[in-house]
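The values are calculated or read from the model by the stated rules, or taken from the named source; none is laboratory data. Just so we're clear, the structure is a prediction, and the values are computed from it rather than from any experiment. Cβ coordinates were reconstructed from backbone atoms using ideal geometry, including for glycine residues, and neighbour counts include every protein chain displayed.
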């Protein structure tokens, strides 16, 4: 029973210290974001916003801009699509 408790403690400690992507080990506040991840998001947002502005012209809005931003954060391979 004691070995199970020790094993559980080790597993929980590892999970707590591992942080989350894109954060580094033990960086609970995510203060040092992986620059590759950040660069990919910036490129995605820039490219997809340009595409959307060219397609939508005057219909481009803050709502669409925000949707593109959020979509690129969730998936850096996001591609803007219009729904007609």
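The single condition among (1) modelled with pLDDT under 95; (2) surrounded by 11 or more Cβ atoms within 10 Å (Cβ to Cβ); (3) under 15 Å from the mean Cα position of the chain (by Cα) that residue 27 does not meet is (3). For first residues located in segment 32-51 and more than 16 Å from residue 74 (Cβ to Cβ), partners that are at pLDDT 80 or above and lie 6+ apart or on another chain with Cβ distances below 8 Å form the pairs 51/80. Which is surrounded by 10 or more Cβ atoms within 10 Å (Cβ to Cβ) and at pLDDT 95 or above, of 8, 13, 38, 46? After ruling out the rest, the residue left standing is 46.
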